[in-house]
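Quick notes on the structure that follows.
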Amino acid sequence: MELLLSNLAHGFGVALTLNNVLFALLGALIGTAIGVLPGIGPVATISLLLPITFGQPATTAIIMLAGIYYGAQYGGSTTSILLNLPGEVSSVVTTLEGYKMARNGRAGAALTIAAVGSFIAGSFSTLLVAASGPALTQVALSFGPADYFSLMLLGLVISAVLAQGSVLKSIAMVVLGVTLGLVGTDVQTGQQRFTFGVPELSDGLGFVSIAMGIFGIGEIILNLERPEARSVLSGKVGSLMLTRAEAKRCVAPVIRGTLLGSVLGILPGGGASLAAFGSYMLESKVSSHRHEFGTGAIEGVAGPESANNAAAQTSFIPLLTLGIPANAVMALMVGALIIQGIQPGPRMVEAQPDLFWGLICSMWVGNLMLLVINLPLIGMWVKLLQVPYKYLYPAILVFCAIGVYSLNNSVFDVYQTLFFGILGYIFSKLKMEAAPLLIGFVLGPMMEEHLRRAMLLSRGDITVFVERPISATLLGIAFIALAAMLLPGLRSGKDKALAE
Amino acid sequence: MKVSQKDLWAGGLLMFLAFIGLWINGGMLGLGLEQHTLGSARRMGPGYMPMLVLWLQMALGAIIFVAALRNGPDDLESWKKLDFVTLAVGVAVALLIWRVMEATGYNTNYIQVGLACLVGLLLLAISPAWRPLGMVLGSFAIFGLLLEPAGLMISIVALCVISSVADREHTPLGVAGMSLFLCVLCWFVFIYELDIRVPVWPGSF
């Protein structure tokens with residue numbers, strides 16, 4: 001406990017330096033903005049801003065990128081409540097009760113509980129990350145190569161199982177991601193693989209190009225293909241204050257949402273949207289006001305909004321302790337760390353205490369800032385929505401193009417992004433989920449390394465993966481998860497939970 | 001039979017990519033473009049992991065393909081005749097430009113790739129159904145082509161003009177204003193604040 005406190009004190013020392021506070025604020029503001037705007041999500045934005053962070057120290061860069069991620073969870077709720085337009089997937093459920101509340105004249109109350117619930121959830125899960133991080137790290141340090149391989153396999157399986165749509169296709173996308181990760185120089189022999197003699201490919205396909213092409217540009221094309229009419233805000237926000245009765249009704253949903261979100265956030269492939277859906281389903285079953293669901297029940301805002309923010313924070317746990325990304329945003333964080341020369345993994349807590357504790361504390365600082373800036377600035381965010389998409393998408397394209405070019409000062413990266421834009425377009429037309437691909441791409445090279453090392457140590461004996469207890473357990477869980485999802489009953493339940 | 005066209009194509013795409021990969025990797029009949037050493041399970045060579053992963057991908061693609069036969073119906077959007085024609089012409093012309101420029105030596109700085117993409121995508125965009133795809137990606141290609149010879153400002157304007165064709169609501173005045181605004185904004189953010197190394201005006205590289 002004492003150690004935790006002194007670590008947190010150290011973290012706040014880092015997080016509260018002027019530069020880091022400014023970048024946390026900047027990240028939170030950008031995050032809120034993109035959360036408000038439909039059609040551009042945190043994955044695209046973070047990949048867009050990656051090059052900009054290169055000039056900053058690693059800690060500052062990660063603090064800002066993290067701010068974008070949880071800021072987006074906040075921003076997404078605003079438009080869900082006011083306009084019935086979810087800015088992010090994770091805020092889709094908020095439209096169900098939040099917009100109804102707005103039509104009942106309680107928009108202000110819905111916005112307040114969304115912000116307050118998120119803040120409470122964020123504070124709790126920040127503490128959870130701080131407390132569990134070092135402990136998990138200790139466990140992770142006893143892992144051998146075989147255990148690591150199995151752990152990554154488990155991560156990939158779960159991320160595919162929990163992705164939207166067909167499990168089989170998601171697994172195939174993970175494998176395709178691993179395939180794409182093979183391109184480049186083989187680490188152990190130095191041989192060029194799948195590079196076609198192109199020198200730019202010897203470092204592998206560009207991570208930013210893939211993320212930006214598929215999630216940024218592919219998304220723009222799809223948005224332009226089906227233009228949706230955006231309703232202009234009507235009605236007033238109303239009083240931001242909660243009535244005493246409303247506040248009382250929110251206590252239990254916030255607590256339940258926080259706990260559920262914290263757990264679901266840790267799971268690979270889980271993350272914010274799953275947590276929000278889970279919490280909504282939970283509340284609609286256990287709440288004492290469940291008969292009001294569908295007509296603007298405040299529990300249906302308080303629970304999911306707490307859950308998605310809690311999950312956004314705890315999804316940092318596998319990244320910070322094991323070096324394994326739980327979702328596409330965390331995969332980008334791995335990319336950002338590697339570009340900064342830091343190998344994410346269990347040694348990070350000791351080797352980079354500033355980064356580890358600074359990031360954790362900055363999450364709390366960022367959440368506080370969001371609470372303070374968000375409610376007074378609601379009017380400004382709504383104005384932002386009135387910028388027509390026709391002016392927005394060329395701006396996004398310009399930023400993408402400059403960002404990609406400045407990675408290596410190479411036009412090759414621009415064309416590479418273009419290529420993945422085409423691929424992303426094809427994927428979405430064929431209903432192939434792209435998020436598992438990104439996770440596979442990041443984990444693939446690490447898996448290969450651990451596989452080769454494990455096989456070398458075991459002298460080519462493949463049973464090493466089931467003989468080591470840790471590895472065997474992880475593989476067992478992966479197998480059960482896979483088998484369970486192939487059962488029709490569970491699958492339809494998942495589809496219902498994830499249906500937009 | 002209720003065929004899911006989407007899954008059918010998805011499975012086919014996965015198998016096709018796996019096939020290409022395996023061919024390059026040299027796992028089949030010893031024929032291969034790059035011929036990676038396979039090694040043994042104990043000492044895996046550079047070709048071992050690709051072989052495992054690509055065969056897995058091939059198998060998954062095959063399962064998706066077969067399952068698609070009774071998974072549907074889930075049809076792709078129907079294509080008009082014009083869509084087929086522009087796609088075929090666009091791809092053919094792009095490949096031609098790429099091969100010819102490669103053969104004649106106009107291939108410094110991937111100009112052949114950029115030009116082939118640009119022309120192919122613009123041809124594709126003749127069909128209204130392909131227009132968002134063609135113009136958005138085409139604007140990206142022209143940005144890549146112009147950036148180093150003509151500088152950032154001209155590239156931004158070109159990108160704005162080309163990409164604005166993708167949305168029919170744009171007016172010439174709106175595009176001009178937007179281009180100007182983005183030029184100023186990008187100059188401030190990327191040149192003044194971040195000082196990235198990129199030519200701003202023609203001839204400054």
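Six or more apart or on different chains, Cβ atoms under 8 Å: show the pairs whose first residue is in the range B:13-32 and outside the structural domain of B:Trp55 (by TED's automatic domain parsing) and whose second is modelled with pLDDT of 85 or more and of a type in the set (Phe, Trp, Tyr).
none
Can you confirm whether B:Met135 is surrounded by 14 or more Cβ atoms within 10 Å (Cβ to Cβ) and either over 23 Å from the mean Cα position of the chain (by Cα) or not in a helix (DSSP H, G or I) (or both)?
Taking the combined requirement at face value, the residue does not satisfy it.
Can you name the residue in the range A:159-186 that is part of a loop (DSSP other than H, G, I, E, B) and in contact with a Lys or Arg (Cβ under 8 Å, 6 or more places away or on another chain) and, of all such residues, is nearest to A:Ala326 (Cα to Cα)?
A:Leu162
Go through A:Leu259, A:Leu264, A:Leu282 for me and flag whichever is more than 13 Å from the chain's Cα centre (by Cα), modelled with pLDDT of 80 or more and within 19 Å of A:Leu127 (Cβ to Cβ).
A:Leu259 is the lone residue from the list that is more than 13 Å from the chain's Cα centre (by Cα), modelled with pLDDT of 80 or more and within 19 Å of A:Leu127 (Cβ to Cβ).
Working carefully through the options B:Leu17, B:Leu54, B:Leu13, find the one that is outside any loop (DSSP other than H, G, I, E, B), at the interface with chain A (Cβ under 8 Å from one of its Cβ atoms), surrounded by fewer than 20 Cβ atoms within 10 Å (Cβ to Cβ) and modelled with pLDDT of 85 or more.
Numbers: B:Leu54 fails: surrounded by fewer than 20 Cβ atoms within 10 Å (Cβ to Cβ); B:Leu13 fails: surrounded by fewer than 20 Cβ atoms within 10 Å (Cβ to Cβ).
Residue meeting the stated conditions: B:Leu17.
Of all residues being at negative phi and either without any contact (Cβ under 8 Å) to a residue 12 or more places away in the chain or not in a helix (DSSP H, G or I) (or both) in the range A:423-438, which is farthest from the other protein chains (Cβ to nearest Cβ)? Just the residue, please. Let's see the steps before the verdict.
Quick first cut of the range A:423-438, residues at negative phi only: A:423-430, A:432-438.
Now narrow it down to the ones that are either without any contact (Cβ under 8 Å) to a residue 12 or more places away in the chain or not in a helix (DSSP H, G or I) (or both): A:426, A:429-430, A:432-434.
Numbers: A:Ile426: 7, A:Lys429: 7, A:Leu430: 4, A:Met432: 5, A:Glu433: 11, A:Ala434: 12 Å.
Filtering the range A:423-438 for residues that are at negative phi and either without any contact (Cβ under 8 Å) to a residue 12 or more places away in the chain or not in a helix (DSSP H, G or I) (or both), the one farthest from the other protein chains (Cβ to nearest Cβ) comes out as A:Ala434.
Between A:Leu320, A:Leu337, A:Leu332, which is surrounded by fewer than 24 Cβ atoms within 10 Å (Cβ to Cβ), in contact (Cβ under 8 Å) with a residue 12 or more places away in the chain and either part of a loop (DSSP other than H, G, I, E, B) or not charged (D, E, K, R) (or both)? If you could, list the steps in order and put the result at the bottom.
Details: A:Leu320 fails: surrounded by fewer than 24 Cβ atoms within 10 Å (Cβ to Cβ); A:Leu332 fails: surrounded by fewer than 24 Cβ atoms within 10 Å (Cβ to Cβ).
Just one listed residue meets the conditions, A:Leu337.
Do we find a residue being more than 20 Å from the chain's Cα centre (by Cα), under 30 Å from A:Phe119 (Cβ atoms) and not small (Gly, Ala, Ser) anywhere in the range A:353-363?
Checked against the condition, which is being more than 20 Å from the chain's Cα centre (by Cα), under 30 Å from A:Phe119 (Cβ atoms) and not small (Gly, Ala, Ser), the range A:353-363 yields at least one hit.
Within the range A:446-481, how many residues turn out to be in a helix (DSSP H, G or I) and either aliphatic (A, V, I, L, M) or facing another protein chain (nearest Cβ under 9 Å) (or both)?
Qualifying residue count, the range A:446-481: 19.
Can you find even one residue in the range A:73-88 that is under 12 Å from the mean Cα position of the chain (by Cα), under 22 Å from A:Gly213 (Cα atoms) and among the small types (Gly, Ala, Ser)?
no
For the range B:158-205, which residues satisfy the criterion of being at the interface with chain A (Cβ under 10 Å from one of its Cβ atoms) and hydroxyl-bearing (Ser, Thr, Tyr)?
Within the range B:158-205, B:Ser163, B:Ser164, B:Thr171, B:Ser179 qualify.
Do we have A:Val175 as within 13 Å of chain B (Cβ to nearest Cβ) and modelled with pLDDT of 85 or more here?
yes
Can you find a residue that is away from chain B (no Cβ under 12 Å), modelled with pLDDT under 85 and in a helix (DSSP H, G or I) anywhere in the range A:394-408?
Of the range A:394-408, the ones away from chain B (no Cβ under 12 Å) are none.
Scanning the range A:394-408, I find no residue that is away from chain B (no Cβ under 12 Å), modelled with pLDDT under 85 and in a helix (DSSP H, G or I), so the answer is no.
For the range B:144-158, indicate whether the set of residues that are within 14 Å of the chain's Cα centre (by Cα) and more than 18 Å from A:Tyr391 (Cβ to Cβ) is non-empty.
Yes, because at least one residue in the range B:144-158 is within 14 Å of the chain's Cα centre (by Cα) and more than 18 Å from A:Tyr391 (Cβ to Cβ).
So, in the range A:31-40, of the ones that are buried (at least 21 other Cβ atoms within 10 Å of the Cβ) and either within 13 Å of chain B (Cβ to nearest Cβ) or at pLDDT 75 or above (or both), which residue ends up nearest to A:Tyr389 (Cα to Cα)?
A:Leu37
Kindly indicate whether any position in the range A:303-315 is charged (D, E, K, R) and assigned to a loop (DSSP other than H, G, I, E, B).
No, the range A:303-315 has no match at all.
When the range A:187-224 is examined, which residues are found to be at negative phi and in a loop (DSSP other than H, G, I, E, B)? Before the answer, list the steps.
Here is the first cut: in the range A:187-224, the ones at negative phi are A:187-189, A:191-193, A:195, A:198-203, A:205-224.
Within the range A:187-224, A:Val187, A:Gln188, A:Thr189, A:Gln191, A:Thr195, A:Val198, A:Leu205, A:Gly206 meet the criteria.
Could you tell me how many of the residues in the range A:409-422 are within 8 Å of chain B (Cβ to nearest Cβ) and either within 12 Å of B:Ala141 (Cβ to Cβ) or touching a Phe, Trp or Tyr at 6+ places or on another chain (Cβ under 9 Å) (or both)?
8
Tell me, please, whether a residue that is closer than 30 Å to A:Gln352 by Cβ, touching a residue at least 12 places away in the same chain (Cβ under 8 Å), part of a helix (DSSP H, G or I) and in contact with a His (Cβ under 9 Å, 6 or more places away or on another chain) can be found in the range A:109-123.
No, because not a single residue in the range A:109-123 is closer than 30 Å to A:Gln352 by Cβ, touching a residue at least 12 places away in the same chain (Cβ under 8 Å), part of a helix (DSSP H, G or I) and in contact with a His (Cβ under 9 Å, 6 or more places away or on another chain).
Considering only residues of the range B:64-92 that are in a helix (DSSP H, G or I) and in contact (Cβ under 8 Å) with a residue 60 or more places away in the chain, which is surrounded by the fewest Cβ atoms within 10 Å (Cβ to Cβ)?
Ranking the candidates gives B:Ala67 first.
Of the residues that make up the range B:142-151, is at least one more than 8 Å from chain A (Cβ to nearest Cβ), small (Gly, Ala, Ser) and surrounded by fewer than 21 Cβ atoms within 10 Å (Cβ to Cβ)?
yes
Considering the range A:380-393 alone, what residues qualify as being in a helix (DSSP H, G or I) and in contact (Cβ under 8 Å) with a residue 40 or more places away in the chain?
Selection gives A:Trp381, A:Val382, A:Leu384, A:Leu385, A:Tyr389, A:Leu392, A:Tyr393.
Residue by residue through the range A:288-313, note down the ones that are among the small types (Gly, Ala, Ser) and closer than 17 Å to A:Ala121 by Cβ.
A:Gly300, A:Ala302, A:Gly303, A:Ser306, A:Ala307, A:Ala310, A:Ala311, A:Ala312
The values are calculated or read from the model by the stated rules, or taken from the named source; none is laboratory data. Everything numeric in this text was worked out from a predicted model, so none of it was measured. Every residue, glycine as well, gets a Cβ built from its backbone with ideal geometry; the counts of neighbours run over all protein chains shown.
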